[in-house]
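Undergrad: Can you read through this structure? Questions will come right after.
Any read-out appearing in this document is the output of simple, stated calculations on the displayed coordinates, not a laboratory observation. Just so you know, these numbers come straight off a predicted model, no measurement behind them. Here the Cβ positions follow ideal geometry from the backbone for every residue, glycine too, while neighbour counts run over all protein chains shown.
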C-alpha cells in the first residue's frame, strides 16, 4: 500500500473516531489534511517520484495524525469526562424558590 493511501486511510479512521468520541476537532483535522494534500500534490507535480519534501510532508502529517489519535485514547477520554463532571459539580446551584 502506498504511503498516501495509508495516510488517507488513517485520516478517515481517525476523523471517524473523533466524531464518534464527540471530540469537536474535525475542523482542525480537515484543515491540516487539506494542507497536506495540497502541499504534497504541489511537491509531487514538480518532480517525479518521492522527494525529500514529500517524505517530510508525509512525516509531518503522520505526526499530526498521531496527535489526533492520542485524543481518543481511553485514559484521555476518561480524564476529559472527569474534568467535565468536576466542573459541573463546582458550578453554583440556583436555589429553588420556596
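Undergrad: How high is the FRET efficiency between residue 63 and residue 84 when r is their beta carbon distance and R₀ equals 25 Å, given to the nearest 0.05? Don't skip to the answer; put the middle values down first.
TA: Details: r = 28 Å, r/R0 = 1.12.
Working from the Cβ atoms, E equals 0.35.
Undergrad: Ok, one more. Divide by every residue of the chain the summed helix terms, -39500 (n - 2.57) for each DSSP H run of at least 4, and state the resulting mean residue ellipticity at 222 nm, rounded to the nearest 500 deg cm²/dmol.
TA: On the way: 4 runs with 76 residues, N = 98.
For the chain, the value works out to -26500 deg cm²/dmol.
Undergrad: For the pair residue 16 and residue 53, how long in nm is the line joining their label points, each one 7 Å along Cα→Cβ?
TA: 3.3
Undergrad: How compact and how long is the range 3-80, expressed as Rg and Dmax of its alpha-carbon atoms in Å?
TA: Using the Cα atoms of the range 3-80, the pair Rg, Dmax is 13.9, 46 Å.
Undergrad: Taking 7 Å along the Cα-to-C-beta vector as the label spot, tell me the residue 5-residue 30 distance in nanometres, rounded to one decimal.
TA: In this crude label model, residue 5 to residue 30 measures out at 2.6 nm.
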